[in-house]
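Quick notes on the structure that follows.
Quick note: the coordinates plus some simple rules give every number you see, no bench work behind them. Since the model is a prediction, treat every value here as computed from it, not as a measurement. Please note: Cβ atoms are built from the backbone with ideal geometry, for glycine as well, and neighbour counts cover all protein chains shown.
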Amino acid sequence: MRRLASVLAASVLVLSGCSLQRHDPEVTFYANGETIRIEPTIYCDVEGSNCAEKNAPGSLKVPAGKVVQISVDGQLAKGLWEVVCVYENAAKVQEGCTSPLLGKGENYTYTLAVPDDSDQLLRIEVHEAAGAVLETGQPLMRGSWVVDITR
């Protein structure tokens, strides 16, 4: 009887665990005394397919030349992720930047800095790598967290 009760209790735990709502990973952006935490704008399954548009881009005020601190939750930090940005230089020309691949349980944060104090960030994206790779050997993107910068 005791054995049956423990089996039933375990079954209830398993079934109730299945009904727990899982949430998508979140990324935190901090700049100029303001913090925002966002969910992905696009998120796919682990193979990088079955993608869905999820949320609108976030918005963060970042003056020219200021850094943005980025923090990812544990789910992203266990895999591979990178930071991509678009900024405008002093000549009003848009340029891009890309961090190295981060993660593997070692990187939970990244500080994004533009090359010059007069450079103005316009957009930041955090990309999570999927379990699949492209023909070039680059990882396929699984998710994207996007922040549009206001001045």
* Asked: According to a simple spin-label model (label point 7 Å from Cα along Cα-to-Cβ), what is the distance in nm between Val86 and Gln138?
  -> 1.6 nm
* Structure fact -> 1/(1 + (r/R0)^6) with r = Cβ-Cβ of Val93 and Asp73, R0 = 22 Å, i.e. FRET efficiency to nearest 0.05, evaluates to 0.05
* **Under 20 Å from the Asp24 label point (7 Å along Cα→beta-carbon), backbone N, the stretch 37-65** => 37-60
* Under the Karplus curve 6.51 cos²θ - 1.76 cosθ + 1.60, θ = phi - 60°, whole-Hz ³J(HN,Hα) for the stretch 48-63, x wherever Gly or Pro sits -> x, 10, 6, 7, 9, 6, 10, 9, 6, x, x, 9, 9, 8, 9, x
* Remind me, relative contact order of the stretch 88-151 in percent, using alpha carbon pairs under 8 angstrom and six or more residues apart? -> 28 percent
* Cα axis of helix 2-18 to longest principal axis of the chain: angle in degrees, 0 to 90, nearest 10? -> 30 degrees
* Asked: Which of the peptides 80-89, 63-72, 49-58 is most tightly packed, and how do the rest follow, judged by the mean count of other Cβ atoms within 10 Å per residue?
  -> 80-89, 63-72, 49-58
